[in-house]
Amino acid sequence: MTVDVPQLVAQAREGRPRAVARLISLVEGASPQLREVMAALAPLAGGAYVVGLTGSPGVGKSTTTSALVSAYRKAGKRVGVLAVDPSSPFSGGALLGDRVRMSDHASDPGVYIRSMATRGHLGGLAWSAPQAIRVLDAAGCDVILVETVGVGQSEVEIASQADTSVVLLAPGMGDGIQAAKAGILEIGDLYVVNKADRDGADATARELNHMLGLGEARGPADWRPPIVKTVAARNEGIDEFVEALEKHRAWLEKHDVLDRRRTRRAAREVETIAVTALRERIDDLRGDRRLGALARRIVAGELDPYAAADELVAGLTGG
């Protein structure tokens, strides 16, 4: 069923949650009208500050996200939340449903919360996250909080989608070792030791500070990621957390890093869309005589796989 995209976008701009939900559903479902949706949203987006929150399972990402929402709402800002969860093996939908853990904000018209399923996509995010972020941005959110799936060694994609990437750790969870081997130290703009009322919180912060000191050399004007200790369940340290976020945002703008990050983000999005389109065209060739002929020439030793791939790409792109 087709929808009236201009009307839907206008309603989303007015802050109507059903319109925002419908637009994100069109994105997640790869609707035939997705191109029309993105074209309508393009001139309206670009004003939101995107904060990504990631970390190992159990560090309190959802509780921290909820506390951040409260802090930003107190400051009068409209907030959008994308909570990315693992997929249900049965329905394909979000398995954990972070909206349940952020029920305090369910009735607030200035907050929009959406759970998204990864649907098998690696990197800690859903494949449609960039477009969903654009929907919330165009809908007038001042701040967009993107909470990822608990990350491992390769699931650090949030660094490419957020203006500021926050890595959460907790004492007593082996996060120091995990951070060292997973490359987490390379993606964080800000580190939060949550559940700081537990034993070992100071030690975790010291270890993290030491590991950051072992990183690449930074100049006087370079950003050094701060470490903030919080107890999100009791709303402790959240004001300091928000202050650190605002300092990083100011640094990004002052040094023209924000625009460069967003340009890289857009370039990566275009690349992903283009590669997906090519992959779909290649899938359409399964059983096609051209692909079969190339495969037979490889088996006969007349052609190597790289030369065959070049021929295939040239045929697909008209090159």
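The values are calculated or read from the model by the stated rules, or taken from the named source; none is laboratory data. On a predicted model such as this, the values are computed, not experimentally measured, just so you know. For neighbour counting, all protein chains shown are included, and Cβ atoms are generated from backbone atoms with ideal geometry for every residue, glycine included. What goes into the accessible areas is simple: the full protein's heavy atoms, side chains included, and nothing from ligands, DNA or RNA. Shrake-Rupley method; radii C 1.70, N 1.55, O 1.52, S 1.80 Å.
Observations on the structure shown:
- Taking the stretch 185-293 as the region of interest, the helices (runs of 4 or more DSSP H) fully inside it that hold 2 or more residues being among the hydroxyl-bearing types (Ser, Thr, Tyr) are 257-284.
- In the stretch 31-44, residue surrounded by the fewest Cβ atoms within 10 Å (Cβ to Cβ) [restricted to those that are touching a Leu at 6+ places or on another chain (Cβ under 7 Å) and not in a loop (DSSP other than H, G, I, E, B)]: 34
- Members of the stretch 47-60 that are closer than 26 Å to residue 135 by Cα and either basic (Lys, Arg) or at pLDDT below 90 (or both): 54, 55
- The residue that is nearest to residue 163 (Cα to Cα), counting only those in the stretch 188-211 that are open to solvent by less than 20 Å² (accessible area, probe 1.4 Å) and at pLDDT below 90, is 188.
- Single unsatisfied condition, residue 214 versus (1) among the aliphatic types (A, V, I, L, M); (2) over 24 Å from the mean Cα position of the chain (by Cα); (3) at pLDDT 90 or above: (3)
- Of the residues making up the stretch 1-30, those that are more than 21 Å from residue 113 (Cα to Cα) and open to solvent by 20 Å² or more (accessible area, probe 1.4 Å) are 1, 2, 3, 4, 6, 7.
- Residue in the stretch 217-232 that is modelled with the highest pLDDT, counting only those that are among the aliphatic types (A, V, I, L, M) and out of contact with any helix residue (DSSP H, G or I) (no Cβ under 8 Å at 6 or more places or on another chain): 231
- From the list 55, 15, 60, 47, the one residue that fits, being touching a Leu at 6+ places or on another chain (Cβ under 6 Å), of a type outside the set (Phe, Trp, Tyr) and touching a residue at least 60 places away in the same chain (Cβ under 8 Å), is 55.
- Restricted to the stretch 61-91, and to residues there that are part of a strand (DSSP E or B) and among the hydrophobic types (A, V, I, L, M, F, W, C), the residue that is modelled with the highest pLDDT is 79.
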